[in-house]
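A.B. asks: I'd like to ask you about the structure that follows.
Derivation of every value follows stated rules applied to the coordinates shown; laboratory data play no part. All values derive from a computational prediction rather than experimental measurement. Glycine also receives a Cβ, built like all others from the backbone with ideal geometry; neighbour counts cover every protein chain displayed.
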Amino acid sequence: MLLDPRAPRFAAAVTTVVLAGALLVGGTPLLVGQAVVFAITAADPRLGPYGWLYRTLVAPRLAAPTELEPAAPVRFAQLVGLLFVAVALVGQFTGLPVLALAATGAALAAAFLNATFGLCLGCLGYLTLRRLIGRPMTARVPASS
Amino acid sequence: MTGLAVVVGVLLAATAFGWWHRRRDGRIRSVAPTPTAAAAATLVGLGLTPGAPTLLQFSSAVCAPCRATRRVLERVSATVDGVRLLEVEAEQQLAAARELGVWRTPTVLLVDGEGRVARRVSGVPDLGELVAAVRELTAGANR
């Protein structure tokens with residue numbers, strides 16, 4: 001599956017606005033909505049609501065894309081976003097506003113960096129994550145023995 | 001009020017990080033010449049054969065600029081004679097990524113003819129700069 005690379009950039013810009021709005025007005029509904037958008041787009045980027053907005057409102061006014069990019073990086077970024085927003089919602093509902101602010105802030109930073117600098121979260125985070133958690137199993141010694 | 005402070009703080013910090021990252025991204029860096037036997041063995045294990053300079057690219061499926069980087073490397077090999085290309089999936093070569101200090105994709109290691117990592121670049125390299133760096137390596141090999 002290949003995507004117009006400008007679609008995820010546009011989606012990241014909308015996400016930035018939504019997350020900033022959630023922080024400014026303390027909106028749980030906005031966070032829930034964003035979580036649903038992240039989940040749908042992670043499952044299939046072609047079904048993403050912001051991608052649909054891009055295709056109907058923005059793409060017709062632009063030239064055809066000169067190159068396409070794979071969908072896997074987009075899906076990874078959406079999953080990370082979903083994780084952050086899920087943690088933020090847990091914070092909201094369990095009376096931990098600091099957790100909610102921190103997690104929403106982290107998601108906002110990632111969306112903003114993607115929108116303005118085209119920063120690829122999967123490039124920076126994925127290998128680091130795999131290196132940290134994907135240690136060879138043989139290196140783990142059972143605690144009981 | 002707290003929300004406003006978080007938004008302003010996050011946007012300022014993210015902008016600073018974005019500028020810093022953009023300045024480093026794609027920059028070809030020299031590597032301190034500390035060839036370890038383990039690193040050399042890792043390179044051989046990845047399929048590198050000494051004798052000619054090799055551009056070794058670490059890629060991953062979740063990396064959008066990896067394709068662009070591959071195209072730059074292909075143009076380098078079309079421009080400079082005798083340079084080899086090798087691309088590996090970082091997630092399938094985690095031990096090698098650890099040994100060679102690769103933390104992100106795309107990362108390209110410029111390995112000289114003797115199998116030593118001479119330079120490295122993370123992010124999409126500039127074609128002209130990479131050609132110049134590779135020419136230096138091939139010149140060193142012929143000397």
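A.B. asks: Hey, can you tell me all the residues within region B:69-111 that are assigned to a loop (DSSP other than H, G, I, E, B) and under 20 Å from residue B:22 (Cα atoms)?
C.D. replies: B:102, B:103, B:104, B:105, B:106
A.B. asks: Output the number of residues of region A:107-135 satisfying the condition of being part of a helix (DSSP H, G or I), among the basic types (Lys, Arg) and out of contact with any Phe, Trp or Tyr (no Cβ under 9 Å at 6 or more places or on another chain).
C.D. replies: So the count comes out to 1.
A.B. asks: Right, residue A:42: without any contact (Cβ under 8 Å) to a residue 24 or more places away in the chain and under 12 Å from the mean Cα position of the chain (by Cα) or not?
C.D. replies: No; evaluated as a whole, the condition is false for this residue.
A.B. asks: Of the residues that sit in region B:9-19 and are surrounded by fewer than 12 Cβ atoms within 10 Å (Cβ to Cβ) and not small (Gly, Ala, Ser), which one is nearest to the other protein chains (Cβ to nearest Cβ)?
C.D. replies: Ranking the candidates gives B:19 first.
A.B. asks: Within the set of pairs 6 or more residues apart or between chains, which connect a residue that is of a type outside the set (Ser, Thr, Tyr) inside region A:81-99 to a residue that is outside any helix (DSSP H, G or I) and surrounded by 19 or more Cβ atoms within 10 Å (Cβ to Cβ) with Cβ atoms less than 6 Å apart?
C.D. replies: Matching pairs, first to second residue: none at all.
A.B. asks: Taking into account only those residues within region B:73-124 that are in contact (Cβ under 8 Å) with a residue 24 or more places away in the chain, out of contact with any Leu (no Cβ under 8 Å at 6 or more places or on another chain) and within 14 Å of chain A (Cβ to nearest Cβ), which is surrounded by the most Cβ atoms within 10 Å (Cβ to Cβ)?
C.D. replies: Checking each candidate, the answer is B:106.
A.B. asks: Restricting attention to region B:20-68, which residues are away from every other protein chain (no Cβ under 14 Å), touching a residue at least 40 places away in the same chain (Cβ under 8 Å), more than 17 Å from residue B:87 (Cβ to Cβ) and in a helix (DSSP H, G or I)?
C.D. replies: B:38, B:39, B:40
A.B. asks: Just for helices (runs of 4 or more DSSP H) wholly inside region A:6-62: which have at least 1 residues that are within 14 Å of chain B (Cβ to nearest Cβ) and closer than 15 Å to residue A:115 by Cβ?
C.D. replies: Those helices (runs of 4 or more DSSP H) span A:6-25.
A.B. asks: Filter region A:21-39 down to the residues that are crowded, with 16+ Cβ neighbours inside 10 Å, among the aliphatic types (A, V, I, L, M) and more than 16 Å from the chain's Cα centre (by Cα) and list them by number.
C.D. replies: Correct list: A:23 only.
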